[in-house]
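First the structure, in the form of structure tokens, and then the observations on it.
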């Protein structure tokens, strides 16, 4: 754990909300990026980021410093996203709608720049992935965690992470190639 | 498309930009919510060790109590007295037997008694 984080965590464990506010300040960008990539929705990402920090505060006493604070926080954020809207069917329905909506906007050229359209296309195919495969891609590709670190965050084996990344990459390549061709 | 190209495409997607005000206010918004929560107390070394220590301490206490309990002490004293009594009785039995067989001794005893 970084020294700055260690001191702040210790103060939080003694009940200092000010120290926790400082931890939020330092990690808010990372958590927002993760929740956005997991949900594909700005509003949901903000809610989930807030929920992640509230859960972290409630559980701060259980953090013993065996891992980095950021790894611990990643784990809470990923679990918060995976539990997001408990009904799997409802989630699938919402994500499919969201992905369809984004893709439709992209194909209709409703948004201004090519860059924007490309971003939306990528986000749309990302949202088509099963949540656990999406989490594996977000952690390894976007956040640069190696498979061992991602396994620690996801609470599974390194082999499982490797498999999820492999399966996700195969799908993403297929979908992005298909979308590129359709365009 | 190879892995490198895929990663490049994925990384080209930036998360939506938020205003500086948002980043400035977000921590204090979270802090406001904290008043409804209480952080969990720091956890101590694993429960397994705690359980093992507690079990050992309890066992030691039971053994000490069993060893020095007042009833145990009285019981030991009675046992000791009982053993001594039986030893004396055995000696007396054998003495009496010899005494009964020794007529001189019996005579001596009768003389003494009179």
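The values are calculated or read from the model by the stated rules, or taken from the named source; none is laboratory data. Keep in mind it's a predicted model, so treat the numbers as computed, not measured. Cβ coordinates were reconstructed from backbone atoms using ideal geometry, including for glycine residues, and neighbour counts include every protein chain displayed.
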Given (1) modelled with pLDDT of 60 or more; (2) within 24 Å of residue A:172 (Cβ to Cβ); (3) away from every other protein chain (no Cβ under 14 Å), residue A:122 misses just (3)
Residue match in the range A:98-114 (condition: within 12 Å of another protein chain (Cβ to nearest Cβ), surrounded by fewer than 17 Cβ atoms within 10 Å (Cβ to Cβ) and either modelled with pLDDT under 70 or touching a helix residue (DSSP H, G or I) at 6+ places or on another chain (Cβ under 6 Å) (or both)): yes
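Evaluate the following for residue B:113: is it out of contact with any helix residue (DSSP H, G or I) (no Cβ under 9 Å at 6 or more places or on another chain) and modelled with pLDDT of 85 or more?
Numbers: out of contact with any helix residue (DSSP H, G or I) (no Cβ under 9 Å at 6 or more places or on another chain): yes; modelled with pLDDT of 85 or more: no.
No.
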Taking the range A:126-183 and the residues there that are in a loop (DSSP other than H, G, I, E, B) and within 13 Å of chain B (Cβ to nearest Cβ), the one that is farthest from residue A:41 (Cα to Cα) would be A:144
